[in-house]
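Worksheet: one structure, shown below.
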Amino acid sequence: MKRFYKNVAAVPDQSGAGWRVHLDGRAVKTPAKAEFLLPVQSLAEKIAAEWDAQGEHIVPATMPHMQLAATAIDRVAPNRAAVIAELTGYGRSDLLCYRAQYPDDLVARQNEQWQPLLDWAASELSIALKVTQGVMPVVQEDAALLAIQDVIEPLDDHQLAALHTLITVSGSVVIGLAVFQGRLDAQAAFDISQIDESYAIENWGEDAEATARRERLRNELLAAGEFLALLRRD
């Protein structure tokens, strides 16, 4: 789509209930044509900057905060129960619970970086997940899954949208919650979630397609982490 506007501004909503982004004085709407009302000024200003940075053509992929906020309104808000159930379900197959059997240096690296996060989740969030080696599934206790749900349910729609990215991209509800709770930053979350891939690269190299995929995942995690930080700024 060609750029159709000149001026961009973040403006307070007349109701006082939030902030909007205006393009030439007209309020932005979501892709589903819903009202695009943002909870805090800092997020509205960030999204306004994304619109303002567009060149001759609008490229949605270069507007991650706009995409996350629109997802919160169009997809999370009308489907909260399903989103919460999906994210809770990641506890059944959390990346951190599945350890390599060999080689020894990979096993040690996983244990050193993954186990402290599981210990933190158990002690701070009452999420006690079991660990296994290899690919055979481990059945998690219902109490652990209920604890995950209890942590996620109170979040608002924008927080849930960001958490959804953190969990689905990392493959770990524990990593996602660690970023949300401030235990990890988004870059650390990426590094920890990519231990297996990084080990393979160190030993066998990396192709261009894998490099591009890793960079895309990293950017998604960084955007979600910044999105959460902006929500807390005001």
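Derivation of every value follows stated rules applied to the coordinates shown; laboratory data play no part. The shown structure was predicted, so the numbers you read here are calculated from the model rather than taken from an experiment. Note: ideal-geometry Cβ built from the backbone for every residue, glycine included; neighbour counts use all protein chains shown.
Things to note:
- Cα pair count fraction exceeding 19 Å, expressed as % - the range 124-203: 45 percent
- Each of ARG3 and GLU209 was given a label point 7 Å from its Cα along the Cα-to-Cβ line. The distance between the two points is 3.5 nm.
- Separation of alpha-carbon centers, the range 194-234 and the range 68-125, rounded to whole Å: 15 Å
- Ranking of ILE148, ILE58, ILE84 by count of other Cβ atoms within 10 Å, fewest first: ILE58, ILE84, ILE148
- Using the Cβ-Cβ distance between ASP196 and ALA77 with R0 set to 41 Å, the FRET efficiency from 1/(1 + (r/R0)^6) comes to roughly 0.70.
- In a simple Cβ point-charge model (Lys, Arg +1; Asp, Glu -1; nothing else charged), the chain has a dipole of about 860 debye relative to its Cα centre.
- Ratio Rg/Rh [Cα only; Rh per Kirkwood] for the chain: 1.02
- Loop sites in the range 10-84: trypsin sites (Lys or Arg not before Pro), DSSP, at most 10 other Cβ within 10 Å: LYS33
- Per residue, the convex hull spanned by the Cα atoms of the range 8-60 measures out at 79 cubic angstrom.
- The chain: most fluctuating residue of VAL107, VAL83, VAL131 per GNM, C-alpha cutoff 10 Å: VAL107
- Relative to the current alpha-carbon distance between ALA128 and ARG26, full extension at 0.36 nm per residue lengthens the span by 31.8 nm.
- Chymotrypsin sites (Phe, Trp or Tyr not before Pro) within the range 1-91: DSSP coil, no more than 16 neighbouring Cβ in 10 Å: PHE4, TYR5
- The P(r) of the range 163-210 has a tail past 17 Å containing 38 percent of all C-alpha pairs.
- Set of aspartates and glutamates with alpha-carbon distance to LYS46 below 15 Å, sequence-local pairs under 8 removed: GLU226, ASP234
- Order of SER15, SER126, SER172 - criterion: other Cβ atoms within 10 Å of each residue's Cβ, fewest first: SER15, SER126, SER172
- Dipole axis of the range 163-213 (+1 Lys, Arg; -1 Asp, Glu on Cβ), positive-most option in LEU166, ALA200, PHE190: LEU166
- Largest GNM mean-square fluctuation among ASN111, ASN203, ASN79, using the chain with Cα springs under 10 Å: ASN203.
- Taken over the range 65-147, the ratio of Cα radius of gyration to 2.2 N^0.38 Å equals 1.35.
- Normalised Debye scattering of the range 31-108 at q = 0.16, 0.20 Å⁻¹ gives log10 I(q)/I(0) of -0.76, -0.92, counting only Cα atoms as equal scatterers and leaving out solvent.
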